[in-house]
Amino acid sequence: YTRAEVAQHRTPSDRVWVTYGTEVFDVTDFVELHPGGPDKILLAAGGALEPFWALYAVHSQAHVLELLRDYKVGELSPEDTAPPAGDTKDPFSGDPPRHPALRVNSLKPFNAEPPPELLTQSFLTPNELFFTRNHLPVPAVEPGSYRLRVEGPGGRALSLSLAELRQRFPKHEVTATLQCAGNRRSEMSRVRPVKGLAWDIGAISTARWGGARLRDVLLAAGFGDETVGDGEWHVCFEGLDADASGTPYGASIPLKRAVSAEAEVLLAYEMNGQELPRDHGFPVRVLVPGVVGARSVKWLRSVVVSPSESPSHWQQNDYKGFCPSVDWDSVDFRSAPAIQELPVQSAITEPRPGAAVPAGELTVKGYAWSGGGREVVRVSGGRGWVGVKRRKGHPVSSSRRSHPLFPLRVAVPAGARLDIVCKAVDSSYNVQPDTVAPIWNLRGVLSNAWHRVPVAVTR
């Protein structure tokens, strides 16, 4: 069989086929028997099992392969086992391979999110499933020749190789969540059309990041609050990714945050114990906990201490929020501040909208998070606003920098049609708004209304 023929079998009605190595399997009759649930195995339908099995070591056992052999229906055609050659004229042809489970919102540039049911499979998001937000082609960087330039007022500068960054500065680790400003934008589009990628609830992920503190690097270069003049100074970042004119992606954060020990801003070179994947900034990226992901610039080439914000388009004319009355005829991006800290957020990952669920006790899964390092102190949802209980005397959030995963169990009556709802409250008692319309904005950013999931309860 060709891969195209395998790809035609993605649903139980069309039969569910998968490949492993060069073999083809019809696993339709195993879908309901899958220990991880039918939704998980259907993510691989019509494609290869290897990318999914690599994430979960339990599959790397002899009895699993023996079980799979019972469903074999054939072999891949020899001429169809190698991927097609890339287009050398395409600026995106050098982009890295991606995990097939990612739900793609745009191919060029690549932007994708994990399926919600995998997002809450584990506290740390596997690197392969971490949401990807690229604005431009992924640069190919030779680590041996890489240099990071750190500049400040008065002509002072510091140039660091990757090895110097690793050896000269103590490695610091922080578990932190990154969220795109456009997470849940698709919900705003249902109120009125907006411009931007139609993210569902998966433009948020958590990792354990390792690298040098930005504070340490700036102080070593002689830059701190006491070395600059009056006013709100900024630290501007530029990446190695650039458009056709050579203009790089750029963003900035206030200097006070950059040099704050508490803020834990990193020049990160590790992600979940591994070197940064190319899609996530190899060899070095900025990691700004509690701040919109757009400021955590990837493929970092320069850090500049400046008396003003980054002049980049993405700092000045994007990633800003406006009131619902502002339209594209009246918008003035210069009149609004650039998004930094994000508001409190939560969403339901399981069950999925429109699902049929059995009567009785239903387990609802999801995530909650708030910007600026604020704890999530309560997540409520279900009928009667049932609160998620604290565990062992600690708040729902297990880290000020990362989102907690919550399970919520509620009783659902047979035959009912329900909206499951969740909302979170942070340590400053910020709470999610109940509806989308009052926070609608033309760019569809900062979408954090109560998350609603309609389900039908079977008898």
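The values are calculated or read from the model by the stated rules, or taken from the named source; none is laboratory data. Everything numeric here is computed off the predicted structure, so don't read it as measured data. Every residue, glycine among them, receives a Cβ derived from its backbone with ideal geometry; neighbour counts consider all protein chains shown. Accessible surface areas use protein heavy atoms only, side chains included; no ligands, DNA or RNA. Shrake-Rupley method; radii C 1.70, N 1.55, O 1.52, S 1.80 Å.
Which entries in Lys40/Lys72; Lys108/Lys256; Lys40/Lys320 show an alpha-carbon gap greater than 31 Å? Cα-Cα > 31 Å for Lys108/Lys256; Lys40/Lys320; rest within. Expressed to the nearest 5 percent, the antiparallel share of DSSP beta bridges inside the chain is 95 percent.
What ranking of Phe123, Phe333 comes out by heavy-atom accessible area, probe 1.4 Å, highest first?
Values: Phe123 70, Phe333 25 Å².
Listed by decreasing accessible area, they come as Phe123, Phe333.
Across all directions, the average flat footprint of the convex hull enclosing the Cα atoms of the stretch 103-317 is 12.5 nm².
Restricting to Cα atoms and excluding each atom paired with itself, what does the Kirkwood estimate give for the stretch 3-80 in Å?
Hydrodynamic radius (Kirkwood, Cα pairs) of the stretch 3-80 is 12.6 Å.
A simple packing score, the average count of other Cβ atoms within 10 Å per residue, orders the peptides 195-203, 29-37, 323-331 as 195-203, 29-37, 323-331, with the highest score first. Ranked by the mean number of other Cβ atoms within 10 Å of their residues, highest first, the peptides 288-294, 232-238, 72-78 fall in the order 288-294, 232-238, 72-78.
Going by average Cβ neighbours within 10 Å, how do the peptides 38-44, 353-359 rank, with the highest at the top?
Values: 38-44: 18.1, 353-359: 12.9.
Ranked by mean Cβ neighbours within 10 Å, highest first: 38-44, 353-359.
As a calculated quantity, the FRET efficiency between Gln316 and Val64 at R0 = 45 Å, using C-beta atoms, amounts to about 0.30.
Its Cα gyration tensor gives the chain an equivalent ellipsoid, and the semi-axes of that ellipsoid, as √(5λ) in whole Å with the largest first, are 38, 29, 21. To make sure I understand the rule: partners must be aspartates and glutamates, Cα under 13 Å from the Cα of Lys423, and not fewer than 8 residues away in the same chain. Which ones qualify? Excluding near neighbours in sequence, the set is Asp434.
For the chain, averaging the sequence separation of C-alpha pairs within contact (under 8 Å, six or more residues apart) and dividing by the residue count gives a relative contact order of 13 percent. Here the calculated FRET efficiency for Asp26 and Leu107, from their Cβ-Cβ distance with R0 = 30 Å, stands at 0.55, rounded to the nearest 0.05.
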